[in-house]
Amino acid sequence: MLSKNERITLKIVAMSGEGFGIGRYSDETVRDFVVFVASSAVGDTVEVLVMKVLKNYAFAKILNIVEASPARIENDCPVFGKCGGCRYRHISYDAELRCKTEHVRDVFKKNYPKCPVPVLDTIPSVRTDCYRNKAQFPISPDGKCGYYAVNSHRVVPVDTCLLTPPVFNDVAKIVEEYIAKYSVSVYDETTGRGLLRHVCIRKAPKTGDISVVLVATSDVLPHKPQLLSRLSSVEGIKSVFLNVNAKNTNVIYGPKNILIWGDSAIADILCGLRFEISPMSFYQVNSETCEMLYNYVKDGLYLEKTDILLDLYCGIGTIGLSCADRVGYVIGIEAVRDAVENAYRNAALNGIENAEFFSSSASSTSDIIASLPREKFPNAVIVDPPRKGLDEKTIDAIMNIRPEKFAYISCDPATLARDLNIFDSLGGYVPTSIQPIDMFPRTKHVECVVLLSRNEG
């Protein structure tokens, strides 16, 4: 049996959904024991050091690459393997796409074995670098901005992130200098003490508008004018917020959000429409590829002017409003009240009059749907839930609607496959197309779009 600190040689035969290479170790006591190896590639032969051994698998790190995979490329990030963000900077993008396709297929095989259609090949992102329009930097105890290490809340300082616009690094540097100059305390998760927790930055790709959110445990920032003077001098910054999160939690945002400089929202152009984005609102991080995703959904549903579209988890209204010119009416439902307000303003900004939005924080989704007049009862549904997927009540609400047209957008293949299996088991819907789209290049994540048809059998 393997033991910690043992040196072994492995052939990497597959990739896990977490972006680790998979090798299988055998000796006189064990056969095909799974070993996960970070920063490895399918086809590698590697000498590794075993770091941790559990009952059914182990983790190891590379000591030496005996024979490199043909998929290997030169890593271009100095913190790759330390930062928990990117998992695929060491292999070609084609190889990364194959890994993500196989991951989705494996997940469906496990969680929805009777799925009637195959998982299609992953559609590539428009860009693989500088595509993220948002970043959330935790701050280390010594006042450095970065990202969490793999499976840890230890902050890895990052001077330059290749996934984000260069201006994000400039903003992070200003905050670091402010912390150092004025001896501003940084929040410590272990003690629950300290002031600054995160720096969150969003840039609208089409307009260049930038918003900055400083997350702190108090609404009092020392030397605030000096910090705001530096931040407001950065080209593109339109707003700076202070978000107050005093709870001892690893949740980033608290309930209190204070505008301390500039405008209450920034604006971006998506699918030819102008969208106002408030700090707490969901907005796809890869705008260019998002447009491709939305067009795939719109075309796949064959939306018509006779359709009434229900957009569940509508956020600021991006999907529904981008479909408004094709349908008779759009109804959006969203839990975040600020996002619902954004959605109404976005409809007005674009002269869209055939849309309305509801907050599900005030009443349940099923109650909102039940209150709709007959002429606004939906026959088409698009859902784009958070990573945890759909809850039982939402699935029941969709089953009660029994829409003719149904699309499910998901950032987690496991919860997606689980929910689709439930719909199928209930005799409701079966997928007709499962399309992964790479919204998150170089990371372990992948988006999926599923088109479904009613099971009339």
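Nothing in this text is a laboratory measurement; each read-out follows from the coordinates by a stated rule. On a predicted model such as this, the values are computed, not experimentally measured, just so you know. Note that each Cβ is placed from the backbone with ideal geometry, even for glycine, and that neighbours are counted across all protein chains shown.
Which of rounded, prolate or oblate describes region 109-195 when judged by the alpha-carbon gyration tensor and an a/c cut-off of 1.5?
oblate
In region 265-359, what chymotrypsin sites (Phe, Trp or Tyr not before Pro) fall in a loop by DSSP, with at most 14 other Cβ atoms inside 10 Å?
In loop regions of region 265-359 (DSSP not H, G, I, E or B), the sparsely surrounded chymotrypsin sites (Phe, Trp or Tyr not before Pro) are TYR302.
Taking just the C-alpha trace of region 7-72, give me its Rg and Dmax in Å.
10.8, 33
Extension gain TYR57-ARG418, at 0.36 nm per residue separation less the Cα-Cα distance, in nm?
Length gained between TYR57 and ARG418: 127.5 nm.
Per 0.36 nm of contour for each residue apart, how much would the distance between SER453 and ASN151 grow if the chain were fully extended, relative to their Cα-Cα spacing?
Gain on extension, SER453 to ASN151, equals 104.9 nm.
Report the FRET efficiency, 1/(1 + (r/R0)^6), for ILE73 and THR432, where r is their Cβ-Cβ distance and R0 is 30 Å, rounded to 0.05.
Once the sixth-power term is evaluated, E becomes 0.25.
Please give the FRET efficiency for GLU177 paired with ILE252, using the beta carbon to beta carbon distance and R0 = 35 Å, rounded to the nearest 0.05.
The pair GLU177/ILE252 has a calculated efficiency of 0.95.
Only loop residues by DSSP count here, and only those with at most 11 other Cβ atoms within 10 Å; note down the GluC sites (Glu not before Pro) in region 62-127 that meet that.
Those that pass, being in a loop and sparsely packed, are GLU74.
Would you mind calculating the relative contact order of the chain from Cα pairs under 8 angstrom and at least 6 residues apart, reporting the percent as a whole number?
12
Take the alpha carbon atoms of region 1-72, find their center, do the same for region 218-238, and report the distance between the two centers in whole angstrom.
For region 1-72 versus region 218-238, the Cα centre distance is 47 Å.
Take MET1, MET280 and order them by how many other Cβ atoms sit within 10 Å, fewest up front.
Sorted ascending by nearby Cβ count, the order is MET1, MET280.
Which value does Rg/Rh take for region 336-418 over its C-alpha atoms, Rh per Kirkwood?
Value, to two decimals: 0.97.
With viscosity set to 0.890 mPa s and temperature to 25 °C, compute the Stokes-Einstein D of region 134-270, Rh being the Kirkwood radius across alpha carbon pairs; µm²/s, no decimals.
163
For a footprinting-style exposure proxy, rank TYR148, TYR112 by other Cβ within 10 Å, fewest first.
Ascending number of Cβ neighbours within 10 Å: TYR148, TYR112.
For the chain, give me the percentage of DSSP beta bridges that are antiparallel, rounded to the nearest 5 percent.
Bridges in the chain are about 65 percent antiparallel.
When the C-alpha atoms of the chain are aligned to their principal axes, what extent does each axis show, in angstrom, from largest down?
69, 65, 36
Past 27 Å, Cα to Cα: identify those pairs from LYS206/LYS405; LYS52/LYS114; LYS82/LYS144; LYS82/LYS173; LYS388/LYS444; LYS4/LYS109, in the order given.
LYS206/LYS405; LYS52/LYS114; LYS4/LYS109
Report the trypsin sites (Lys or Arg not before Pro) located in region 311-404 that are in a DSSP loop and have at most 15 other Cβ atoms inside 10 Å of their Cβ, or state none.
ARG387, LYS388
Which length gain, in nm to one decimal place, applies between SER92 and ALA348 when the Cα-Cα distance is subtracted from 0.36 nm times their residue separation?
Length difference between fully extended and current span is 87.8 nm.
Can you work out ³J(HN,Hα) from phi for every residue in region 251-265, in order, using Karplus 6.51 cos²θ - 1.76 cosθ + 1.60 and θ = phi - 60°, giving whole Hz and x for Gly and Pro?
Coupling constants for region 251-265: 5, 5, 8, x, x, 9, 10, 10, 6, 10, 6, x, 8, 6, 7 Hz.
Once you place label points 7 Å from the Cα toward the Cβ at THR9 and GLU392, how far apart are they in nm?
5.4
Order of GLU235, GLU404 from fewest to most other C-beta atoms within 10 Å?
Exposure proxy ranking, most exposed first: GLU235, GLU404.
May I ask you to list, by number, the DSSP H helices of the chain whose Cα span along the axis is at least 20 Å and whose average Kyte-Doolittle hydropathy reaches 0.0 or more?
Sorted by number, the helices that extend far enough and score high enough are 166-182.
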